[in-house]
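The structure that follows is given in the form of C-alpha cells.
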Amino acid sequence: MRDKRESRERRHKRIRKKVIGTPERPRLCIFRSLNHIYAQVIDDTTGKTLVSASTVEKEMRNIKPGNKSNIEFAKKVGELIAERALNSGITKVVFDRAGYKYHGIVKALADAAREKGLQF
C-alpha cells in the first residue's frame, strides 16, 4: 500500500509542476480517502482556498448511504463544488486530479461539475 501511495504522490508532484491555479482560472483539486472525497478550488498565487466541498459536510449526511455508491457521492460533491464556485463568480477552473487515474470516482466528480456549468 505504501508503494501505491508514494507513486500517486510522485505523480501528483509531476502534475503540479504544470497545473497552476490563477485568480482568473483557479485549480480544482481533489483528494480521495477510503471513506470520503474532498474537492477544493484553490488560487495558488495567494495560496487560499476559495471554495470547498466534501462528503463529510452536514449537507451530505442527509443522503442515506443505503443504496448510494461512492460514485453517486462523488457526483453530489461535484455538483456541490460547481454550485458554490458559480455562486462565488468562478466559471473556469483547471482540473487537478492529484495523481489519481481519471476513472471512476474522479471522473464522476469531474463530469458532475461540468454538467453544473464549470468549464475545464
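The values are calculated or read from the model by the stated rules, or taken from the named source; none is laboratory data. None of these values were measured; they are calculated from a predicted model. Please note: Cβ atoms are built from the backbone with ideal geometry, for glycine as well, and neighbour counts cover all protein chains shown. Protein only, heavy atoms only, side chains kept; ligands, DNA and RNA dropped before computing areas. Shrake-Rupley method; radii C 1.70, N 1.55, O 1.52, S 1.80 Å.
Considering every residue within segment 44-65, establish whether at least one is β-branched (Val, Ile, Thr), modelled with pLDDT of 95 or more and touching a strand residue (DSSP E or B) at 6+ places or on another chain (Cβ under 6 Å).
Checked segment 44-65: at least one residue is β-branched (Val, Ile, Thr), modelled with pLDDT of 95 or more and touching a strand residue (DSSP E or B) at 6+ places or on another chain (Cβ under 6 Å).
Open to solvent by less than 20 Å² (accessible area, probe 1.4 Å), assigned to a helix (DSSP H, G or I) and farther than 16 Å from residue 23 by Cα - does that describe any residue in segment 60-76?
Of the residues in segment 60-76, the ones open to solvent by less than 20 Å² (accessible area, probe 1.4 Å) are 60, 74.
Still in the list and also assigned to a helix (DSSP H, G or I): 60, 74.
Imposing the further condition that a residue be farther than 16 Å from residue 23 by Cα reduces the set to 60, 74.
Looking through segment 60-76, at least one residue is open to solvent by less than 20 Å² (accessible area, probe 1.4 Å), assigned to a helix (DSSP H, G or I) and farther than 16 Å from residue 23 by Cα.
Next question, about the same structure. Which ones in segment 80-105 are farther than 22 Å from residue 43 by Cβ and assigned to a helix (DSSP H, G or I)?
105
Name every residue in segment 7-24 that is of a type outside the set (A, V, I, L, M, F, W, C) and assigned to a loop (DSSP other than H, G, I, E, B), in order of residue number. Please lay out each step first, then the result.
Of all residues in segment 7-24, those of a type outside the set (A, V, I, L, M, F, W, C) come to 7-14, 16-18, 21-24.
Matches in segment 7-24: 17, 18, 21, 22, 23, 24.
Let me ask something else. Which residue is farthest from the chain's Cα centre (by Cα), if the candidates are limited to segment 69-89 and must be closer than 20 Å to residue 49 by Cα and hydrophobic (A, V, I, L, M, F, W, C)?
Checked segment 69-89; the qualifying residue farthest from the chain's Cα centre (by Cα) is 86.
Which members of segment 20-59 meet the condition of being surrounded by fewer than 17 Cβ atoms within 10 Å (Cβ to Cβ) and under 20 Å from residue 103 (Cβ atoms)?
31, 33, 34, 35, 36
While we're here: Would you mind telling me which numbered condition in (1) open to solvent by 70 Å² or more (accessible area, probe 1.4 Å); (2) over 11 Å from the mean Cα position of the chain (by Cα); (3) among the basic types (Lys, Arg) residue 8 fails?
(1)
Quick check: is even one residue across segment 90-100 of a type in the set (Phe, Trp, Tyr), surrounded by fewer than 21 Cβ atoms within 10 Å (Cβ to Cβ) and over 10 Å from the mean Cα position of the chain (by Cα)? Walk me through it before giving the result.
Narrowing segment 90-100 to residues of a type in the set (Phe, Trp, Tyr): 95, 100.
Imposing the further condition that a residue be surrounded by fewer than 21 Cβ atoms within 10 Å (Cβ to Cβ) reduces the set to 95, 100.
Narrowing the set further to residues that are over 10 Å from the mean Cα position of the chain (by Cα) leaves 100.
Yes, because at least one residue in segment 90-100 is of a type in the set (Phe, Trp, Tyr), surrounded by fewer than 21 Cβ atoms within 10 Å (Cβ to Cβ) and over 10 Å from the mean Cα position of the chain (by Cα).
Next question. Mind checking which pairs have a first residue in segment 103-120 that is over 17 Å from residue 52 (Cβ atoms) and of a type in the set (Lys, Arg) and a second that is open to solvent by less than 50 Å² (accessible area, probe 1.4 Å) and not in a helix (DSSP H, G or I), Cβ under 7 Å, 6 or more apart or different chains?
Close Cβ pairs satisfying both conditions: none exist.
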